[in-house]
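*Asks:* Structure provided below as structure tokens; questions to follow.
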Amino acid sequence: KQWYQRRVRGLAIPRVSIEEPKRSTKDIRRSEHLIRPTYSTKNTVNSARVNELIEEQLKRQGIRCSGDVCELYLANNKFVDVPSLAEYRALHVLWLNNNKIYTIDFVRTNYQITELYLQQNMIVSIAGALRHLSCLQVLMLHANQLTCSHTTVKELKNMLSLHTLNLFGNPIAQEECYRLLVINSIRSLKLLDRQTVTYNEIAAAKRLFLPELVKIKESIKFGRREFKESPLPKQQTRLSGSLRFITTGKIPHSTIEFAPRRNTTPMSYSLFDWEASGREFLYSKTRSPPRKLTVSIK
């Protein structure tokens, strides 16, 4: 210990400096091991492994240009992160199932993907990652960790070509009315969680989430609005013709009113015999102009 004396108001106040305890070499090595950034090294090794697998597949298929790649199979490799696949612009099918992926930011520039297999991973959210995939038809996201159903549905809402979707095995699948919410939000679905989407489910989803629209549609029959109270007075009725009269009592001559006649446009239909004209053209020496029959109806 070191002692320093200071005179304050004629008094000597000792100041004690507390020394840090001496650490052994083992403790120093442990602390250095904790401080070392291991995540970046894992990412570099992971991305290198992904690139090696892609190069092996290209060599097997005999593909030299990355723009000719239409399908990639990277499943069952325990990948934590996948580098960007921007160079494969013509990619249509991507297999990344049975890995340990947390985010799916690697397909931000792949606009032509139609089938995406991401089942059995550790994906927590898909917000902002799949919205641009307007050509997506098949999406497998079952057995992941998706927790918010509203963000998931919002991301897939504008996909007009999506007909097959799997979300079972996620926490969102345990929510109430989960299936009806997905069916009402994604109108193009035909197969959800390995079960076909029925007409009764679509109607039930509309009644649950769009009750006002359902009431309006149910009040419309044969193209006209069905009123509970008829717009015309009860005493008046309309006959099949141009007469309008009062039904109470006798029908005097003065109560008959003729409605104005509507102006109708004439309709014409033309008939032309192509077979007869072809025969005359081939066999007859005197070629007469083809005959056309026109009937006008007013």
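*Asks:* How would ILE104, ILE216 line up by accessible area, probe 1.4 Å, largest first? Let's see the in-between values first.
*Replies:* Details: ILE104 5, ILE216 85 Å².
Putting ILE104, ILE216 in descending order of accessible area: ILE216, ILE104.
*Asks:* Could you work out how far apart the two model spin labels at LYS100 and ARG194 are, taking each label as a point 7 Å from the Cα in the direction of the beta carbon, and quote it in nm?
*Replies:* It is 2.6 nm.
*Asks:* To the nearest 10 square angstrom, what accessible area does TYR73 show with a 1.4 Å probe?
*Replies:* 110
*Asks:* Please give the charge dipole size of the range 80-161, origin at the Cα centre, charges +1 on K and R Cβ atoms and -1 on D and E Cβ atoms. Round to the nearest 20 debye. Provide the component values of the computation, followed by the final result.
*Replies:* Details: 6 positive and 5 negative charges, 38 e Å.
Dipole size: approximately 180 debye.
*Asks:* Still on this structure: Using a 1.4 Å probe, how large is the accessible area of ILE126, given in Å² and rounded to the nearest 10?
*Replies:* Near enough 0 Å² of accessible area.
*Asks:* Leaving ligands, DNA and RNA out of it, rank ARG207, ARG89, ARG49 by accessible area with a 1.4 Å probe, largest first.
*Replies:* ARG89, ARG207, ARG49
*Asks:* Sort 197-203, 61-67 by packing, meaning the average of other beta carbons within 10 Å per residue, with the highest value first. Present the calculation step by step, with values, prior to reporting the outcome.
*Replies:* Numbers: 197-203: 12.7, 61-67: 10.6.
Going by the mean number of other Cβ atoms within 10 Å, highest first, we get 197-203, 61-67.
The values are calculated or read from the model by the stated rules, or taken from the named source; none is laboratory data. Just so it is clear, the structure is predicted and the values come from calculations on it, not from any experiment. Cβ coordinates were reconstructed from backbone atoms using ideal geometry, including for glycine residues, and neighbour counts include every protein chain displayed. All accessible areas refer to the heavy atoms of the entire protein, side chains included, with ligands and DNA or RNA removed. Shrake-Rupley method; radii C 1.70, N 1.55, O 1.52, S 1.80 Å.
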